[in-house]
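Take a look at the structure below.
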Amino acid sequence: MENRFLLFLSIMLFISCSENETVNPKNIILMIGDGMGLSQISAAYYQSNDELCFSEFEDIGFIKTHSASSIITDSAAGATAFSTGKKTYNGAINMDTDTLPLKCITYDFIDKNIKTGIITTSSVTHATPGCFYGNNKDRWTADEELALQFINSNINLLIGGGQKFFKNRSDNRNLIDSLEQKGYHFISSVNDQIPENTDKLIALCAPKHPKSISQGRGNFLSQSIELALKTLKNERGFFMVVEGAQIDWGGHDNDSDYIISELLDFDKSIKAALNFAKNNNETLIIVTADHETGGYGITGKNDKTNKLITGFLNDDHTATMVPVFSYGPGSSNFKGIFDNTEIYHKIKELIK
C-alpha cells in the first residue's frame, strides 16, 4: 500500500513539474522596434487591412525605460540596459556611469559556442546594434571605432548599412579585407547568393543607412532574417538581435505615414521569425522597444481618406512604458511590469 502511495505521489509530482516547468530555449531572437510605443502599434493596426503578427503573442508585459541620467532614455542607454543589465547615462554604448566598459550579453553566448547575429535597418554602427558588440563613451563619435571593434567580436552575422565605416574610413583601412581574412563572407545585398554552410556573414547594404520603406527598401528586413536563419541555425543554437530602427525616425520627424510603414515592415519581420519558431519549437522570440518617440497619439480617422488623424507631443523620446511581447519556451518570464534591465537578466537566467 505504501509503495502504491509513493508511486501515485511521484506521478502527480511529475505532472505538476511538467505543467509548470520553464523549458529553456535553444535559440533566442530579440527584436527591438526602436521608438515603438503602443500608439505606434495601434496606428499600424488601424491603418492595416490585415491582422498583425502582434496578435499571435499571448505573453505580454511592459518595461520602464528611464536611463541613469534621465527619466527619458536615448537608444544607447536603452540598448545598454538590454545588453548588459545596467543603467547608464544617455549616449553611452556599453559603458557604466563611471565610463568603464561593460561586457554585453552577446559575448556570453559566444563563450558558450553559441552562434550570434545582428540585423538592423540603420548603420550597423548605430547605437542599438553597436551595443551588442562594442563599447564607447559617446555614441555620436563612435562609428569608425565600433567598426574596428567588430573585427575582434567573433559574431557570426552582421547585416545593415554602414559600409563607409568599414571601407571608406579616415584612416584608409579596409576592414572588409580584415574580416574576410577572419573567415567572413561579404555581400552588399541580401539578395546575393551565399555559399552553402556559410559560418560567418557580413552584409553592408548601404554607405550609411538603408533606405526607408517609402524610398524603396522593400523586404530588406524580413529577407535579412531569412538569410540569418539559414546562416545561424545549428545544433547548439543561436542568439539574434533584430532592430527596426526607422520607426524611431518617423517619430522624430513627426511623420505618421513614416511610422506606420516602418511598423508594418517590422511586423513582416516578426512574421518571418514566428514562422521559424512555430516549426522549430525551441525558439524564444522577444519583441520590445527601447523607448517611445514623439509622444505619438491617435485622435481620430478621416472616413473619406481612410487616414488616421494623429498628433505628437514633441519630436524626441518620451518616458512612457513600452510593451514586451514574447513567444516560445521561457516566454512566461517576460509578463508583467519590470525595468528594461530585466530583459538582460531574464535572458541570462534562461541560458544558464
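Every read-out reported here was derived from the displayed coordinates using simple, explicitly stated rules and does not represent laboratory data. All values derive from a computational prediction rather than experimental measurement. Cβ sites come from the backbone with ideal geometry, for glycine too, and all protein chains shown count toward neighbours.
Amide H to amide H under 5 Å from residue 313: which residues, 5+ apart in sequence or cross-chain, H placed 1.01 Å off N in plane?
295, 296
Quick check: convex hull of the Cα atoms in region 268-328, volume per residue, rounded to a whole Å³?
So the per-residue Cα hull volume is 122 Å³.
Give me, ordered by chain and number, the residues 5 or more places off residue 320 or on other chains with an amide H under 5 Å from its own placed amide H.
Amide H neighbours of residue 320: 292.
In the chain, which longest range has no GluC sites (Glu not before Pro) that are both DSSP loop (not H, G, I, E or B) and surrounded by at most 12 other Cβ atoms within 10 Å?
On the way: sites that count: 21, 51, 58, 196, 235.
So the longest stretch without any such site is 59-195.
Quick check on region 27-350: of the DSSP beta bridges with both residues there, what percent are antiparallel, nearest 5%?
35
Compute the separation of the alpha-carbon centres of region 141-178 and region 335-352 and state it in Å as a whole number.
The two parts, judged by their Cα centres, are 30 Å apart.
Which shape class applies to region 26-85: rounded if a/c is under 1.5, otherwise prolate when a/b exceeds b/c and oblate if not, where a ≥ b ≥ c are the square roots of the Cα gyration tensor eigenvalues?
Oblate is the answer for region 26-85, as a/c is 1.5 or above yet b/c matches or exceeds a/b.
Quick check: residue separation of residue 137 and residue 226 times 0.36 nm, minus the Cα distance between them. What number comes out in nm?
In short, 28.7 nm is gained.
At R0 = 45 Å, how high is the FRET efficiency between residue 112 and residue 309 if r is their beta carbon distance? Nearest 0.05 is fine.
It comes to 0.35.
Give me the distance between the Cα centres of region 201-257 and region 281-320, rounded to whole Å.
Between the Cα centre of region 201-257 and that of region 281-320, the gap is 19 Å.
DSSP loop trypsin sites (Lys or Arg not before Pro) in region 242-323 with at most 13 other Cβ atoms within 10 Å of their Cβ, which ones?
The qualifying sites are 304.
Using amide H atoms built 1.01 Å from N in the peptide plane, name the residues 5+ places from residue 59, or on other chains, whose amide H lies under 5 Å from its own.
Placed amide hydrogens put 326 under 5 Å from residue 59.
Treat the count of other C-beta atoms within 10 Å as a stand-in for reagent exposure and order 34, 177, 143, 316 from fewest to most.
Lowest to highest Cβ neighbour count: 177, 316, 143, 34.
Would you please classify the overall shape of region 100-199 from the alpha carbon gyration tensor, given that a ≥ b ≥ c denote the square roots of the eigenvalues, rounded means a/c under 1.5, and beyond that prolate means a/b larger than b/c while oblate covers the rest?
oblate
I'd like the per residue volume of the convex hull spanned by the Cα atoms of region 176-231, given in cubic angstrom.
76
Where the only charges are on Cβ atoms (+1 Lys, Arg; -1 Asp, Glu), what is the dipole of region 129-284 about its Cα centre, to the nearest 20 debye?
Dipole size: approximately 300 debye.
If each residue of separation counts as 0.36 nm, what is the full-extension length gain between residue 168 and residue 198 once their alpha-carbon separation is subtracted?
Answer, rounded to one decimal: 8.2 nm.
Whole-Hz Karplus ³J(HN,Hα) for region 198-215, in order, using 6.51 cos²θ - 1.76 cosθ + 1.60 and θ = phi - 60°, x for Gly and Pro?
3J(HN,Hα) across region 198-215, in whole Hz: 4, 9, 10, 9, 10, 10, 10, 9, 7, x, 10, 9, x, 5, 6, 4, 5, 8.
What is the mean projected area of the alpha carbon convex hull for the chain, to one decimal in square nanometres?
Hull-based average projected area comes out at 21.0 nm².
Mind checking which lysines have their C-alpha under 28 Å from residue 182, skipping anything on the same chain fewer than 8 residues away?
26, 103, 112, 115, 137, 164, 167, 200, 208, 230, 233
In deg cm²/dmol, rounded to 500, what helix-only [θ] at 222 nm does the chain give when every DSSP H run of at least 4 residues adds -39500 (n - 2.57) and the total is split over its residues?
-10500 deg cm²/dmol
Hey, got a sec? Which chymotrypsin sites (Phe, Trp or Tyr not before Pro) in region 247-289 land in a DSSP loop and have at most 10 other Cβ atoms within 10 Å?
none
Normalising by the residue count of region 87-128, find the relative contact order in percent from Cα pairs under 8 Å and 6+ residues apart.
After rounding, I find 22 percent.
Apply the Debye scattering formula to region 237-344, with a single equal point scatterer on each alpha-carbon and no solvent, then give log10 I(q)/I(0) at q = 0.14, 0.16 Å⁻¹.
Here the Debye-derived log intensity ratios amount to -0.69, -0.85.
Charges at C-beta only: +1 for Lys and Arg, -1 for Asp and Glu. How large is the resulting dipole of region 27-350 about its Cα centre, in Debye rounded to 20?
In debye, rounded to 20, region 27-350 gives about 460.
Order by neighbour count: 351, 286, fewest other Cβ atoms within 10 Å first, most last.
Working: 351 18, 286 25.
With the fewest neighbours first, 351, 286 line up as 351, 286.
Starting at the first residue of region 156-173, write each ³J(HN,Hα) from the Karplus equation 6.51 cos²θ - 1.76 cosθ + 1.60 with θ = phi - 60°, in whole Hz, x for Gly and Pro.
6, 9, 9, 9, x, x, x, 4, 4, 7, 9, 10, 10, 8, 5, 8, 6, 7
What relative contact order, as a whole-number percentage, does the chain give when Cα pairs under 8 Å and 6 or more residues apart are counted?
30
Could you tell me which trypsin sites (Lys or Arg not before Pro) in region 184-243 are loop residues by DSSP with no more than 11 other beta carbons within 10 angstrom of their beta carbon?
236
Taking every pair of alpha-carbon atoms in region 161-307, what share in percent sits in each 10 Å bin, from 0 to the bin with the longest distance?
Using 10 Å bins, I get a P(r) of 9, 31, 34, 19, 5, 1 for region 161-307.
At R0 = 41 Å, how high is the FRET efficiency between residue 235 and residue 316 if r is their beta carbon distance? Nearest 0.05 is fine.
0.35
Ordered by residue, what ³J(HN,Hα) values in Hz, to whole numbers, does region 39-54 give under the Karplus form 6.51 cos²θ - 1.76 cosθ + 1.60, where θ = phi - 60° and Gly and Pro are x?
With coefficients 6.51, -1.76 and 1.60, one gets 5, 4, 5, 4, 4, 5, 4, 5, 8, 8, 8, 10, 6, 8, 5, 4 Hz.
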